[in-house]
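Trainee: Let me begin by handing over the structure; questions about it come next.
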Amino acid sequence: MKILLLGRNGQVGWELARLFSESNHTLLSYNSSELNLTDLQQLKSEVCRQQPEIIINAAAYTAVDKAEEEQEASFAINALAPKVLAELAGKMNIPLIHISTDYVFDGLKTGCYLEDDAVGPKSEYGYSKLAGEQFIVNALPQHIIIRTSWVFGYHGNNFVKTMLNLANKPELSIVEDQKGSPTYSEDIAKLIIRLVNCFIMKGTLDWGIYHYTGDEQTTWFDFAAVIFKKAQEHHLIANSPNLLPIPTSQYPTPAKRPFNSCLSLDKIAKYGDLDNSWRDGLDRMLIQLKNDDI
Ligand code: NDP
């Protein structure tokens, strides 16, 4: 298939580009300087010129705190561009795969969020991502929206790399009252490729919103503890800081985060093995980083 991928330089986009380049598909991929999602005319003309058979949007405005100030930019990239993509896909009668976030929820639910649970973003980023979802759902029946959370991976910036960069501090305070599931970027890319190869191409996928995250719920504090433990085991760091658990109230940020962002995986699970152990993903990432060191 001829696949048009946006966001090639992001955590997930980079893994998609890497894995698709090893497949039989024809991949047309873009970073933001090649195709800027704020330039809707350029977006339209490039997509029409290329006539892809499927569009995958892994691009997004992901600076959650900055979005509180840059509402216009986050809305343009996270909502208006996906709207145009969905309209274009509709005209071309092709599917759109889009990635969204746990931040569309308010985080007040006790259990895991289902795909059709009430949304209630607490931040401008969450609001813009939700608007993007809604534009897609309204414009295009052939959509797959994958809501994920706490993404980390070898390529790009993320919590794991931040922790590794802080490894030489004697002490670190980490939030312990926000729960969620870390998700390895390569696992998201593998899921998308499996959905394309095994279901979309065969016409056996039910279009709609799906949740996909790592397998196990944790807190930022516990995640940090695992990162430092594994980084020591993989000989990436010599010492680990002393970790202090703190409540969110002691770590104020411009954007509010959901306290519970556990997403139920029951719906996506009917499409086979989820292969989503974030601990395994973390091991794979740390091994790659260690190999870069050698
Ligand atoms: P990244 O921040 O790693 O990458 C996003 C990419 O979007 C960047 O590479 C950037 O391109 C591209 N982009 C930003 N602005 C524009 C623009 N104006 N035009 C074109 N491209 C642009 O994101 P992730 O890979 O982490 O996220 C992938 C998806 O997952 C996103 O939809 C995000 O909302 C969602 N998500 C992410 C989470 C996380 O923890 N990171 C959690 C939950 C959901 P360039 O580098 O070329 O400038």
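Trainee: Taking the Cβ of each residue in Arg8, Arg49, Arg279 as the centre, tally the other Cβ atoms inside 10 Å and list the residues starting with the fewest. Working shown, then result.
Mentor: On the way: Arg8 22, Arg49 7, Arg279 15.
By the 10 Å Cβ count, ascending: Arg49, Arg279, Arg8.
Trainee: Considering only DSSP beta bridges with both partners in the range 104-248, what is the antiparallel share in %, to the nearest 5? Intermediate values should be presented prior to the final figure.
Mentor: Numbers: 2 of 13 bridges.
About 15 percent, rounded to the nearest 5.
Trainee: Let me ask something else. Among 89-99, 281-291, how do they line up by average Cβ neighbours within 10 Å per residue, starting with the highest? Walk me through the numbers on the way to the answer.
Mentor: Values: 89-99: 20.1, 281-291: 17.2.
Peptide ranking by packing, descending: 89-99, 281-291.
Trainee: What does the charge count around Ala86 come to, taking other residues whose C-beta lies under 15 Å from its C-beta (Lys +1, Arg +1, Asp -1, Glu -1)? Present the calculation step by step, with values, prior to reporting the outcome.
Mentor: Numbers: positive: Lys44, Lys83, Lys91, Lys129; negative: Glu87, Glu133.
For residues surrounding Ala86, the net value is +2.
Trainee: Using the per-residue mean of other Cβ atoms lying within 10 Å as a proxy for protection, in what order, highest first, do the peptides 149-161, 202-214 fall? Let's see the in-between values first.
Mentor: Numbers: 149-161: 20.0, 202-214: 17.5.
The peptides rank, most packed first, as 149-161, 202-214.
Trainee: Taking the chain as a whole, which cysteines find no other cysteine Cβ under 4.7 angstrom from their Cβ?
Mentor: For the chain, the answer is Cys48, Cys198, because their Cβ atoms have no other cysteine Cβ under 4.7 Å.
Trainee: Okay, moving on. Can you give the local net charge around Ser264? Use residues other than it whose beta-carbon is closer than 15 angstrom to its beta-carbon, Lys and Arg +1, Asp and Glu -1.
Mentor: Values: positive: Lys109, Arg147, Lys179, Lys267, Lys270; negative: Asp102, Glu115, Asp116, Asp117, Asp215, Glu216, Asp266.
Computed value for this residue: -2.
Trainee: Can you tell me the FRET efficiency between Ser173 and Asn93 if r is taken as the Cβ-Cβ distance and R0 is 41 Å, rounded to the nearest 0.05?
Mentor: Numbers: r = 52 Å, r/R0 = 1.28.
The formula returns an efficiency of 0.20 here.
Trainee: Still on this structure, please answer the following. To make sure I understand the rule: partners must be lysines, Cα under 26 Å from the Cα of Lys44, and not fewer than 8 residues away in the same chain. Which ones qualify?
Mentor: Output for Lys44: Lys2, Lys83, Lys91, Lys129.
Trainee: Which ordering of Cys112, Cys262, Cys48 is given by a fewest-first count of other beta-carbon atoms within 10 Å? If you can, show how the numbers build up before the last one.
Mentor: Working: Cys112 17, Cys262 21, Cys48 12.
Ascending Cβ contact count within 10 Å gives the list Cys48, Cys112, Cys262.
Trainee: Here is a follow-up. Give me the number: length gained by fully extending Leu274 to Asp292, i.e. 0.36 nm times residue separation minus the C-alpha to C-alpha distance, one decimal in nm.
Mentor: Working: separation 18, 0.36 × 18 = 6.48 nm, distance 2.83 nm.
Full extension from Leu274 to Asp292 adds 3.6 nm.
Trainee: Report the FRET efficiency, 1/(1 + (r/R0)^6), for Lys66 and His235, where r is their Cβ-Cβ distance and R0 is 22 Å, rounded to 0.05.
Mentor: Values: r = 35 Å, r/R0 = 1.60.
Once the sixth-power term is evaluated, E becomes 0.05.
Trainee: Sticking with this structure for a sec: Which net charge results when you count Lys and Arg as +1 and Asp and Glu as -1 among the other residues whose beta-carbon is under 13 Å from that of Leu35? Write out the running numbers ahead of the final one.
Mentor: Numbers: positive: Arg8, Lys44, Arg49; negative: Glu34, Asp39, Glu46.
Value of the local net charge: 0.
Trainee: Please sort through the DSSP H helices of the chain and keep those with an alpha-carbon extent of at least 18 Å along the long axis and a Kyte-Doolittle average not below -1.0.
Mentor: Values: long enough: 124-139 (22 Å, -0.20); 220-233 (20 Å, 0.24); 278-293 (22 Å, -1.09).
In the chain, the long hydrophobic H runs are 124-139, 220-233.
Trainee: Please give the FRET efficiency for Glu216 paired with Gln50, using the beta carbon to beta carbon distance and R0 = 41 Å, rounded to the nearest 0.05. Working shown, then result.
Mentor: On the way: r = 39 Å, r/R0 = 0.96.
Efficiency computed from Cβ-Cβ geometry: 0.55.
Trainee: Can you give the calculated 222 nm mean residue ellipticity of the chain, where each DSSP H run of n ≥ 4 adds -39,500 (n - 2.57) and the sum is split over every residue, rounded to the nearest 500 deg cm²/dmol? Display every interim value, and only then the final one.
Mentor: On the way: 10 runs with 106 residues, N = 294.
After summing the helix terms and dividing by the residues of the chain, the value is -11000 deg cm²/dmol.
Trainee: Only Cα pairs under 8 Å and at least 6 apart count here; give the relative contact order of the chain as a rounded whole percent.
Mentor: Values: 560 pairs, mean separation 62.3, N = 294.
So the answer I get is 21 percent.
Throughout, read-outs are computed from the coordinates displayed, never taken from laboratory work. Everything quoted here is computed from the prediction, not taken from an experiment. No Cβ is skipped: glycine too gets one built from the backbone with ideal geometry, and neighbour counts run over all protein chains shown.
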